[in-house]
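Encoded as structure tokens, the structure appears first; notes follow it.
Read-outs: derived from the displayed coordinates by stated rules, not from any lab. These numbers were taken from a predicted model, which means no experiment stands behind them. So basically every Cβ, Gly included, is an ideal-geometry build from the backbone, and we count neighbours across all protein chains shown.
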Ligand SMILES: NC(=O)c1ccc[n+]([C@@H]2O[C@H](COP(=O)([O-])OP(=O)(O)OC[C@H]3O[C@@H](n4cnc5c(N)ncnc54)[C@H](O)[C@@H]3O)[C@@H](O)[C@H]2O)c1
Ligand SMILES: [Zn+2]
């Protein structure tokens, strides 16, 4: 008798926060285990799947047998990440007679996760949510940590709550259908984790980039697992983003500025963060906080990952202004995350406008 090689057991990463403890389970093909996972979590019996039509067309069949409730499909995309979409989820729940013994299961990218999570945080003052992220960004970032919410016409993520999921199930096989640009956008956040906390992860990306782009499920489970572990540790230490969680903002000050300058149309979030990481590393080298070879290693990896949208038409001065309006300004001071080596960062509060301008010029913005 020959035994076929056993699939590696799923990784189980604990997240411990003052408000809740839960586990992120990661493994290729793990969505098939969702039913038993829900039972193991004692998830309340009325289970409502929330997703969007394009995701449901691709992956709904795998989840449909979980529940006899009709799936709640919300319109796809960032522009529908708004209060009225949350209202549609309430409508469906109320019409179906949902009560407190209800579990919401969010199957989708960051938008579905944030909207469904916010509905769960507020419906009947809070019902449990399970996150089943289907984009790389959601698998390594948005599904973990309990930040949920929606945009307002006057700004991104202005309305929200902290509502930790009761469980997170990450199946890298769901990424096989993800458009290449979305995949790459999520991968920049994985690069971020490498730079802020793990040289081995960074080296793994550097040495295995072609296999990662082929979406080898075992390799993806590895790098996603490592990313989730870093996010889980940071979130566990710092649920509400006071101290260590700030390192997760590496690349985001200038990244958010670029997104705002281009009205959230030109870049996928991760692409803007890629520029933000490059700018922050230039700034760090300028201060003698980071070595030139480490900056070059980051630049080479990002360059090998593929083209980024152009920035040469954007003004460095306007980017600096936009960075000053970012949420990371606390008491008039910009908290800026600087890499000090691949794998470590520090937060400084004395970055001058001049340094910011030079850093954005160094990545291609016009002076
Ligand atoms: N809560 C947090 O902590 C947190 C952290 C980071 C980002 N976010 C939020 O996440 C959102 C971005 O998330 P996103 O990048 O996942 O975008 P998204 O949810 O809009 O998904 C991107 C696109 O991919 C499609 N898609 C999703 N899964 C797919 C699959 N398996 N195959 C094919 N197509 C698929 C979606 O239909 C969508 O068109 C933003 O709103 C951002 O604010 C939240
Ligand atoms: Zn991000």
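Tabulated values for the structure
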{"item": "When the convex hull of its Cα atoms is projected in every direction, mean area for the stretch 156-269 (nm²)", "result": "8.2 nm²"}
{"item": "Stokes-Einstein D in µm²/s, Kirkwood radius over Cα pairs - the chain at 4 °C with 1.567 mPa s viscosity", "result": "62 µm²/s"}
{"item": "Computed helical MRE - 222 nm, the chain, DSSP H runs ≥ 4 contributing -39500 (n - 2.57), nearest 500", "result": "-13500 deg cm²/dmol"}
{"item": "Full-extension gain in nm, residue 177 to residue 42, via 0.36 nm per residue minus C-alpha separation", "result": "45.5 nm"}
{"item": "Spin-label pair residue 32/residue 353, simplified geometry with 7 Å Cα→Cβ offset, distance in nm", "result": "6.0 nm"}
{"item": "Fewest-first sequence of 265, 81 by Cβ atoms within 10 Å of each Cβ", "result": "265, 81"}
{"item": "Projected label distance in nm at residue 292 and residue 233, using a 7 Å step from Cα toward the beta-carbon", "result": "3.1 nm"}
{"item": "Cβ-derived FRET efficiency at R0 45 Å, residue 318 paired with residue 61, nearest 0.05", "result": "0.45"}
{"item": "Residues 114, 350, 216, sorted so that the one with the fewest Cβ neighbours within 10 Å comes first", "result": "350, 216, 114"}
{"item": "Pairwise centroid distance, computed over Cα atoms, of the stretch 313-367 with the stretch 73-120, Å", "result": "35 Å"}
{"item": "Choice from 85, 17, 312 with maximal GNM fluctuation in the chain (Cα, 10 Å cutoff)", "result": "312"}
{"item": "Likely footprinting exposure, 188, 264, 22, fewest C-beta neighbours within 10 Å first", "result": "264, 22, 188"}
{"item": "Principal axis box of the stretch 22-129, alpha-carbon based, largest edge first, Å", "result": "34, 29, 25"}
{"item": "DSSP bridge orientation in the chain - percent antiparallel, rounded to nearest 5", "result": "50 percent"}
{"item": "Quarter of the Cα convex hull surface for the stretch 51-194, i.e. its orientation-mean projected area (nm²)", "result": "8.5 nm²"}
{"item": "Förster radius 22 Å - calculated FRET efficiency between residue 325 and residue 366 (Cβ-Cβ, nearest 0.05)", "result": "0.65"}
